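The values are calculated or read from the model by the stated rules, or taken from the named source; none is laboratory data. What you see is a predicted model, and the numbers here were worked out from it, not measured in a lab. Positions of Cβ are backbone-derived with ideal geometry, glycine not excepted, and every protein chain shown enters the neighbour counts.
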Amino acid sequence: MTERLPHNVFRAATELRREVANHSKLKHQNIIQLMGVVFELGNYGVILEYAPHGDLWRFIRKFCLVCHTRVIIGKVMEYV
């Protein structure tokens, strides 16, 4: 007997595939590289390049820039 998966599971899988395809095309020194994706027993994992200084959100919080998050993100996106 087969089970039907909820529609949102298929949507999430489609979005994940799209995100992986897009991220794998990005090659820039300021963008963490996608190293691989693992699918196992209905679970998935995304393997990214090591970020020695942590993620962007942690950096923003650490330096109390939360109120300027949109401005900073906008500037980052302009640079990329």
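A compact table of results
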quantity	calculated
Residue satisfying condition, being assigned to a loop (DSSP other than H, G, I, E, B) and modelled with pLDDT of 70 or more, within set Ala51, Ala12	Ala51
Residues that are at pLDDT 80 or above, outside any strand (DSSP E or B) and loosely packed, with under 10 Cβ neighbours inside 10 Å, drawn from the range 15-48	Lys25, Lys27, His28, Gln29, Asn30
